[in-house]
Amino acid sequence: MTLYQAFWFFSIYAVLGWCLEVCFCTVNTGKFVNRGFLNGPVCPIYGFGMLGVLLALTPVQDNLPALFLGGVVLTSAVELVGGWALKTLFHTTWWDYSDKKFNIGGYICLQFSLAWGLGVVIVMRMIHPVVAWAVDHMPHLAGTILAAPVLALFLCDLAVTVKAVAKLNRDLGRIDTIARALHEGS
């Protein structure tokens, strides 16, 4: 996989993942919810997850049991690390499986791990061939030129989001300090 392909696979799957999350939440809640960590229509965890899947599981894509099991293990690891990182770095929780059976810290659970394994099989067998064809048939010069504004938008969104989360954490810290002072004074 070239850097060019990796960039476009990441970008495409981050957007498709956002669409999947929004549809899933809209069906479950009855209202539109921007499920991305960022402000724009991207979920980077899907982009990173699919890059990992493509790198690790392409050699076994024709072996259905190995592809499914690899999908379960790899996507669960990405979800576990991603959930932990969001909680640790940004003090935020974007998903919580604590109410599901067989969960680990609320970050992963058996039900969704199995669903991700099935999802990997579907993506590798049906969706990725189309995505790979589109990336490979995009004129390289146009794809390279288009990559610059896409990357710039992504990085700006990331910077704005990190700044907003840092400000929110600062404000929450101040509120916590005030609450403690009020509690001690009462």
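The values are calculated or read from the model by the stated rules, or taken from the named source; none is laboratory data. Remember, predicted model here, so these are calculated numbers, not experimental data. Neighbour counts run over all protein chains shown; Cβ positions are idealised from the backbone, glycine included. Remember, those area values only see protein heavy atoms, side chains included, never the ligands or the DNA or RNA. Shrake-Rupley method; radii C 1.70, N 1.55, O 1.52, S 1.80 Å.
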| note | Filtered hits (lysines, Cα-Cα < 18 Å from Lys87, offset >= 8 within chain) -> Lys163, Lys167
| Hey, if you drop one equal point scatterer on each alpha-carbon of the chain and run the Debye formula without solvent, what base-10 log of I(q)/I(0) do you get at q = 0.11, 0.17 Å⁻¹? | -0.58, -1.22
| message | How much length would be gained if the chain were fully extended between Lys163 and Lys31, taking 0.36 nm per residue of separation minus their Cα-Cα distance, in nm to one decimal? | response | 44.8 nm
| task | Could you check the simple spin-label distance between Ala77 and Lys101, using points 7 Å along Cα→Cβ, in nm with one decimal? | result | 2.7
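Rank these by accessible area, largest first, 1.4 Å probe: Asp136, Asp62. Present the calculation step by step, with values, prior to reporting the outcome.
Values: Asp136 90, Asp62 140 Å².
Descending order: Asp62, Asp136.
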| request: Tell me the chymotrypsin sites (Phe, Trp or Tyr not before Pro) within region 24-79 that lie in a loop according to DSSP and have at most 15 other beta-carbon atoms within 10 Å. | output: Phe32
| message | Taking R0 as 41 Å, what FRET efficiency do you get between His183 and Leu69 from their Cβ-Cβ distance, rounded to the nearest 0.05? | response | 0.20
| Degrees, to the nearest 10: 64-90 long Cα axis against longest axis of the chain | 30
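Please give the FRET efficiency for Leu3 paired with Ile175, using the beta carbon to beta carbon distance and R0 = 45 Å, rounded to the nearest 0.05.
It comes out at approximately 0.55.
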| request: Determine how large the accessible area of Ile104 is when every protein chain is in place; take a 1.4 Å probe and give Å² rounded to the nearest 10. | output: 100
| Among Tyr13, Pro149, Ser186, whose Cα sits farthest toward the positive end of the charge dipole of the chain (+1 at Cβ of Lys/Arg, -1 at Cβ of Asp/Glu, about the Cα centre)? | Ser186
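Computing the accessible area with a 1.4 Å probe over protein heavy atoms, can you report the carbon and sulfur percentage for the chain? Intermediate values should be presented prior to the final figure.
Details: 8540 of 11510 Å².
Roughly 74 percent, rounded to a whole number.
Accessible area per residue for the chain in Å², computed with a 1.4 Å probe and the full protein assembly in place, what is it? Provide the component values of the computation, followed by the final result.
Numbers: 11510 Å² over 186 residues.
Normalised by residue count, the accessible surface of the chain is 62 Å².
What's the Cα-based Rg to Rh of region 1-109, Rh via Kirkwood?
Working: Rg = 14.7 Å, Rh = 15.0 Å.
Reported Rg/Rh, Kirkwood definition of Rh: 0.98.
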